[in-house]
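Only one structure is covered here, and it is reproduced in the block below.
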Amino acid sequence: MAIDHVTLLSVPVSDQDVAKAFYVDVLGLELVRDDPMGPEMRWVQVRPRGAATSLALVTWFDSMPPGSLRGLVLEVPDLEGTLAELASAGLEVDGSIEEAPWGRFVTIEDPDGNGIILQATSA
């Protein structure tokens, strides 16, 4: 088997415009595409700059209701700096930074309540 890498992860959202604004304007991900897929459907795709893996902000999977995603991990080089930037962008972080043997992390939520872990891995 020759699986090379993860290309795409679907993030279930209720409103693609609100989600796109959060992932692009607040988290700083780049917009890869925002294209119509037919009547009343759009393909909205974002990713960390230069990353191979991207996120599709989806509204059409009945088995994935908005807010049901947990465990999306985004690596950051400076956890405190990232949290300060997010706070200045209006994001409220309820949890505190947690320590683990492999590094430090904090959990945040997108506007739908999807759980996102911001992680700074130790060297």
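Quick test for you: out of L83, L79, L29, L72, pick the one residue that is without any contact (Cβ under 8 Å) to a residue 60 or more places away in the chain, within 22 Å of L8 (Cα to Cα) and aliphatic (A, V, I, L, M).
Numbers: L83 fails: within 22 Å of L8 (Cα to Cα); L79 fails: within 22 Å of L8 (Cα to Cα); L72 fails: without any contact (Cβ under 8 Å) to a residue 60 or more places away in the chain.
It is L29.
What is the residue count in segment 89-106 for residues that are under 24 Å from L57 (Cα atoms) and either at pLDDT 95 or above or part of a helix (DSSP H, G or I) (or both)?
Here the count works out to 2.
Among the listed residues G113, G81, identify the single one that is part of a loop (DSSP other than H, G, I, E, B) and not β-branched (V, I, T). Break it down into steps so the answer makes sense when it comes.
On the way: G81 fails: part of a loop (DSSP other than H, G, I, E, B).
Answer to the selection: G113.
Here are some residues: E109, E98, E80, E75. Which one is touching an Asp or Glu at 6+ places or on another chain (Cβ under 9 Å) and charged (D, E, K, R)? Outline the logic, then answer.
On the way: E98 fails: touching an Asp or Glu at 6+ places or on another chain (Cβ under 9 Å); E80 fails: touching an Asp or Glu at 6+ places or on another chain (Cβ under 9 Å); E75 fails: touching an Asp or Glu at 6+ places or on another chain (Cβ under 9 Å).
Just a single option satisfies the conditions, and that option is E109.
Look through segment 91-121, keep the residues that are small (G, A, S) and more than 14 Å from L74 (Cα to Cα), and return whichever of them is surrounded by the fewest Cβ atoms within 10 Å (Cβ to Cβ).
S96
Considering only segment 1-18, I want to know if a residue exists there that is within 29 Å of A84 (Cα to Cα), small (G, A, S), outside any loop (DSSP other than H, G, I, E, B) and touching a residue at least 60 places away in the same chain (Cβ under 8 Å).
No, segment 1-18 contains no residue that is within 29 Å of A84 (Cα to Cα), small (G, A, S), outside any loop (DSSP other than H, G, I, E, B) and touching a residue at least 60 places away in the same chain (Cβ under 8 Å).
If I filter segment 82-97 for residues that are under 26 Å from S122 (Cβ atoms) and among the charged types (D, E, K, R), do I get at least one hit?
Among the residues of segment 82-97, at least one is under 26 Å from S122 (Cβ atoms) and among the charged types (D, E, K, R), which makes the answer yes.
Return a yes/no flag: does segment 45-54 have any residue that is among the aliphatic types (A, V, I, L, M), surrounded by 13 or more Cβ atoms within 10 Å (Cβ to Cβ), touching a helix residue (DSSP H, G or I) at 6+ places or on another chain (Cβ under 6 Å) and closer than 19 Å to V18 by Cβ.
yes
From the list R49, R70, R33, which one is in a strand (DSSP E or B) and out of contact with any Ser or Thr (no Cβ under 8 Å at 6 or more places or on another chain)?
The conditions single out R33.
The values are calculated or read from the model by the stated rules, or taken from the named source; none is laboratory data. Here the structure is a predicted model, which means the values were calculated and not measured. We place every Cβ from the backbone using ideal geometry, glycine too, and count neighbours over all the protein chains shown.
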